[in-house]
Amino acid sequence: MGMSGTGKASDGAVPNINVTPLIDVLLVLLIIFMIISPMKPHQFEAKVPAEPDNLPENVEIKPNPLTLVVSINAGDLKVRLNNEEMGDTSDTKSLTDRLTQVFKERTDGRVYREGTNEVEKTVFIKAPKSVRYGDVVKVIDGVKQAGAQPVGLQIDDLSE
C-alpha cells in the first residue's frame, strides 16, 4: 500500500490502521480479568464464639473489666454504656463524650491491649434484631466519633 510519487491524494491510496493486533491484545486482557475476578474476596467471614468446653458448672465466669458494651433497648431505644444510662439513639452526644473520657483515662493510665502497645479502645454494640438499622448506625457513628477501634456488633439471639 505504498503511495505513488505524484503527491496527489486522489491516486486511491488511502492509509488505514490494522486493528487485528489491538483486538488480540484486548482479548488477552479480557481473559486475564475473567480469571482474576473470581479470586477477589467478595464476602466477610464472621466468627461466632463457641461455648467453652469442659468447664465445671459451679465456676463463675467474670467479664473483662475493660470491656465496653453499648446496649440498645428495643422498646424505647435507650442507650446504655455497660450499666450506665446514656440517652437514646436520636442523640448520642452523651455516649460520645463519655467514651472520649474513658479513652483519655485509658491513654493517661497506659491501659494497653493484651500483647500490644495500643490503647484498649474496643467497643461492642449489642442490639436486638428488632431495632432499625438506622438507629444502630447512629450509635456506631457516635462510638466511632469517640475514637473506638475496633467496633464489634452483637445481636441478642444467634439461634433465630
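Any read-out appearing in this document is the output of simple, stated calculations on the displayed coordinates, not a laboratory observation. The structure displayed is predicted, hence computed values, not measured ones. With ideal geometry, Cβ positions are generated from the backbone for all residues, glycine too; neighbour counts draw on all protein chains shown.
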Sequence of Ser94, Ser37 once ranked by neighbouring C-beta atoms within 10 Å, starting from the fewest: Ser37, Ser94
Sequence-distant residues sharing a close amide H with Thr122 (under 5 Å, placed H): Gln149
Residue-count net charge about Val70 - beta-carbon cut-off 9 Å; Lys, Arg +1, Asp, Glu -1: +2
Segment 68-155 - Rg (one decimal) and Dmax (whole number), Cα, Å: 12.9, 40
Links that overshoot a 22 Å alpha carbon limit, given the list Lys93/Lys121; Lys78/Lys129; Lys78/Lys138; Lys62/Lys138; Lys93/Lys129: Lys62/Lys138; Lys93/Lys129
For segment 80-95, 3J(HN,Hα) per residue [Karplus equation, 6.51 cos²θ - 1.76 cosθ + 1.60, θ = phi - 60°, Hz, x = Gly/Pro]: 10, 9, 6, 10, 9, 5, 10, x, 10, 6, 6, 9, 9, 4, 5, 5
Relative exposure of Phe103, Phe33, judged by other C-beta atoms within 10 Å (fewest first): Phe33, Phe103
